[in-house]
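Please treat every number below as a calculation from the coordinates, not as lab data. If you're wondering where the values come from, they're calculated on a predicted model, not measured in any experiment. Backbone-built Cβ (ideal geometry, glycine too); neighbour counts: all protein chains shown.
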Amino acid sequence: MRFLARRLGFYLLTAWAAVTLNFLIPRLMPGDPVELLVARLKGNVDPAAIDAMRRAFGISDAGLWQQYVDYLGNLAHGELGRSITFFPTEVSTVIADSLPWTVGLVGVATLISYLVGTALGVLMAWKRGTWLDGVLPAATFMHAVPYFWVALALVFVFGVTLQWFPVSRAYGLDVMPGFTGEFAGSVLYHAALPAVTIVVASMADRILGMRNVMVTTLGEDYVVMAEAKGLTSRRVMWAYAARNAILPNITSFALSLGFVVGGSVLTEIVFSYPGIGSMLLKGVENEDFPLMQGIFLVISLAVLVANFLADLAYVVLDPRTRQESE
Amino acid sequence: MNVLEIRDLSVDYLSGGGAVHAVADVSLDLRRGEILGLAGESGSGKSTLANAVARLLRPPAAITSGSVVYRRQDGSSEDVLALGRKELRAFRWKELAVVFQSAMNALNPVSTVGAQIDDVLRIHRPGMSRNDRAERAAELLQRVGISADRRRAYPHELSGGMRQRAAIAIALALNPEVIIMDEPTTALDVVVQRDILHEIRALREEYGFAVVFITHDLSLLMEISDRIAIMYAGRVVETGGARAIHTSPRHPYTLGLLRSFPRLHGPREQLLGIPGTPPDLRSLPPGCAFHPRCGKAMAECSSELPALDGDVACLLNGGRGLEDAS
């Protein structure tokens, strides 16, 4: 338990550092959102309007320390400022609207990719030397292919040429959002291609990673002994070999879960999916600092939470880490 | 009465540069309830032989010829090498168990010692209740000198000696007729080593299993074995009672092994050792594989392969090996 408490303390400290950097970096940069807006309007702005906008964006001439305290106070209330792109919508609202789409799409796709990829990796290591080894070159190829290329290929083949799947948006224009079967069906239908993109493009990593560790584990004495004990192959493969081989893969899984929140930017762009990735792109295009800041904050916190979950998983799965915690 | 009969067993490692004959034409008998010592340098094929008998060889190792017959007490017998998958699983651990070299690696690090006894019982004794299995696990651990409450301990929580005892307890779970011990004490310090040897002897008296005890430590074998077989370059070069081998070795290689460690009692002897290095198994010298290192080699030693005729495979003195070499 002390181990977990120590980790928790570490993550809280890191979170504070992330929040503070998030506060400092934009303020160390020249210019502010209002100057940008004014520049966009070629300077034809009433000084009173500029002043009003400065107040609306929460830009003040107060000392840095006072600003910092205000910032932390706002953060505690979930206030991230107002977006420029979607002015006057609050950044927190923009994120709250787009985050569920990203978590739903990328999260589920990452989970599927991890489960299927790990299972395949285990099987391929177990049956090495058989026809299954033929999958390896294909996996290596997929490992090297970038996301957006897969996305474009899928859009071209299944969206444009065959027209089996829609190529943009998260749900059809003809359905009303709500907890209806029709809406759910439309969401799944629209999520199919982007989800397949993510699964296809990320699964190869899982397969190769798991297979490599698993092949090493299969050479361990305890696996040979499990076989000598007359256990069923299934039990030897999962309870002895895979159970140990999965440990080094937990960290990479937790990290990828953390980056789920960042969205698959390229995938979301190709499919015009209304997730965090698309919002981030819009924020960058419009020099929307409050929005970018908010999204980066959410991403860094998500990565920290995912790492903490990985630590928890280690404690549950590997008794050797538990000993250190005593 | 033999419990295991090995006849003309050969094992090759198939590699790119041709086959490596790790075990060549080995014939050995294991009598019911005896401790048979198997000694030889690293690479002499002793572990490969043991793994072949337990059917634990993995590619690229393959049995190329020979037979292994297992005889039950009721007179029925079984060709171990011809067992199908299901029969092999039933044969394993119930009739023949293995204690591996380093118990640190032979025990599953993520599962408790008790659970590793439990899964043997669950597979082989499906009728046994959960409570009976737990009781049996506690009883086995106590029998090898580990207190019953340690069955909830993970391998890393036990000392090296305790781990090896736990491995022996697991081997005893189903009262096998044969236990193969592959260097069970090599990783332990001398005091613990002695304790474990005593334990093995005591357990043997109690349960009556036969042991194939593999080690490179001939002095240790003298102490524990009833009979000893010496291997060199994949072949058995001498067999005999432990006392006979000790007092009057017939093969020059055995003599070399005996002279390569000091005696604590009796007259001082010059430490001789064996000149040269073990041969490359891919290109064995013609004739007797030992002749380049043998001080007594004759002309025909480099052309004629001595057969294990009686107790020794040596051409000296008309195939009888060394005459009394004291």
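In table form, for the structure just shown:
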read-out: Of A:LEU231, A:LEU280, A:LEU312, the one that fluctuates the most in a GNM where chain A has Cα springs shorter than 10 Å; value: A:LEU231
read-out: Assigned charges on the beta-carbon of Lys, Arg, Asp, Glu; the protein assembly as shown dipole about Cα centre (debye); value: 820 debye
read-out: For B:VAL3, distant residues with modelled amide H under 5 Å away; value: B:LEU30, B:ARG31, B:ARG32
read-out: For the stretch B:152-171 versus the stretch A:212-270, the gap between their alpha-carbon centres in whole angstrom; value: 26 Å
read-out: Per principal axis, descending, Cα span of the stretch B:254-319 in whole Å; value: 39, 27, 19
read-out: Per-residue HN-Hα couplings for the stretch B:212-226 [Karplus 6.51, -1.76, 1.60; θ = phi - 60°; Hz; x = Gly/Pro]; value: 9, 9, 9, 6, 9, 9, 5, 5, 5, 5, 3, 6, 9, 7, 8
read-out: GNM flexibility winner over chain B from B:GLN73, B:GLN164, B:GLN142 (Cα, springs under 10 Å); value: B:GLN73
read-out: Cα centroid separation - the stretch A:88-103 against the stretch A:1-55, whole Å; value: 18 Å
read-out: Unit charges at the beta carbon, dipole of the protein assembly as shown: most positive-side option, B:SER147, A:ALA241, A:VAL145; value: B:SER147
read-out: Crossing angle, helix B:160-172 versus chain B [Cα axis fit, 0-90 degrees, rounded to tens]; value: 80 degrees
read-out: Surrounding net charge for B:GLU34, when Lys and Arg each add one and Asp and Glu each subtract one, Cβ distance under 13 Å; value: +1
read-out: Net charge dipole size for the stretch A:1-107 [Lys, Arg +1 and Asp, Glu -1 on Cβ; Debye, nearest 20]; value: 500 debye
read-out: Within the stretch A:209-247, backbone nitrogen closer than 11 Å to the virtual label 7 Å beyond the Cα of A:THR321 toward Cβ; value: A:247
read-out: Amide proton proximity set for B:MET231, modelled H, under 5 Å, gap of 5+; value: B:ALA39, B:GLY40, B:VAL237
read-out: Nonlocal amide H pairs with A:ARG82, under 5 Å, H built at 1.01 Å; value: A:VAL91
read-out: The protein assembly as shown: Cα Rg divided by the 2.2 N^0.38 Å rule of thumb; value: 1.36
read-out: Karplus-derived HN-Hα couplings along the stretch B:290-307 (A = 6.51, B = -1.76, C = 1.60, θ = phi - 60°), whole Hz, x at Gly and Pro; value: 8, 4, x, 9, 8, x, 10, 4, 10, 4, 6, 4, 8, 10, 9, 8, x, 8
read-out: Farthest toward positive dipole pole in the protein assembly as shown [+1 Lys/Arg, -1 Asp/Glu at C-beta], among B:GLY256, A:SER186, B:CYS314; value: B:CYS314
read-out: Inter-site label distance for A:LEU24 and B:GLU135 at 7 Å from Cα along Cβ, in nm; value: 6.8 nm
read-out: Extension reserve of the B:THR247-B:SER147 stretch, reckoned as 0.36 nm per residue once the Cα distance is removed; value: 31.9 nm
read-out: Check: the stretch B:84-145 dipole with +1 on Lys, Arg Cβ and -1 on Asp, Glu Cβ, in debye; value: 240 debye
read-out: The stretch B:254-319, relative contact order [Cα under 8 Å, separation at least 6], %; value: 19 percent
read-out: Hydrodynamic radius (Kirkwood) for chain B, which is based on Cα pairs only, to one decimal in Å; value: 20.9 Å
read-out: Relative contact order, percent, chain A [alpha-carbon distance under 8 Å, six or more residues apart]; value: 27 percent
read-out: 17 Å reach of a label modelled at B:SER67, 7 Å along Cα-to-Cβ, counting backbone N of the stretch B:19-42; value: B:25-30
read-out: Rel. contact order, % - alpha carbon contacts under 8 angstrom, at least six apart, chain B; value: 20 percent
read-out: Cβ-based exposure ranking for B:LYS296, A:LYS229, A:LYS282, in which fewest neighbours within 10 Å come first; value: B:LYS296, A:LYS282, A:LYS229
read-out: Estimated FRET transfer efficiency when R0 is 45 angstrom, pair B:ASP309-A:LEU132 (beta carbons, to 0.05); value: 0.40
read-out: Largest-first principal axis extents, alpha carbons of the stretch A:1-132, Å; value: 76, 41, 25
read-out: Choice from A:ARG82, A:ARG128, A:ARG206 showing the highest fluctuation, given a GNM over chain A with Cα pairs closer than 10 Å; value: A:ARG128
read-out: Given charges at Cβ of Lys, Arg, Asp, Glu: chain A dipole, positive-most of A:TYR68, A:PHE308, A:VAL116; value: A:VAL116
read-out: Potential lengthening between B:ASP79 and B:ASN175 on full extension [0.36 nm per residue; Cα-Cα distance subtracted]; value: 32.5 nm
read-out: Computed Kirkwood radius, in angstrom, where 1/r is averaged over Cα pairs of the stretch A:100-324; value: 19.5 Å
read-out: Theoretical FRET efficiency, 1/(1+(r/R0)^6), r = Cβ-Cβ of A:ILE250 and B:ARG32, R0 60 Å, to 0.05; value: 0.75
read-out: Residues of the stretch A:282-302 with amide N under 16 Å of the 7 Å Cα→Cβ point at A:LEU36; value: A:282-297
read-out: Per-residue ³J(HN,Hα) for the stretch A:103-120, Karplus 6.51 cos²θ - 1.76 cosθ + 1.60, θ = phi - 60°, Hz, x for Gly and Pro; value: 4, x, 6, 5, x, 5, 5, 5, 4, 4, 4, 5, 5, 5, x, 5, 4, 5
read-out: Simple spin-label estimate for B:ASN2 and B:GLN270 in nanometres, 7 Å along Cα-Cβ; value: 4.1 nm
read-out: Nearest-0.05 FRET efficiency for A:THR14 and A:ILE59, computed from C-beta distance (R0 25 Å); value: 0.35
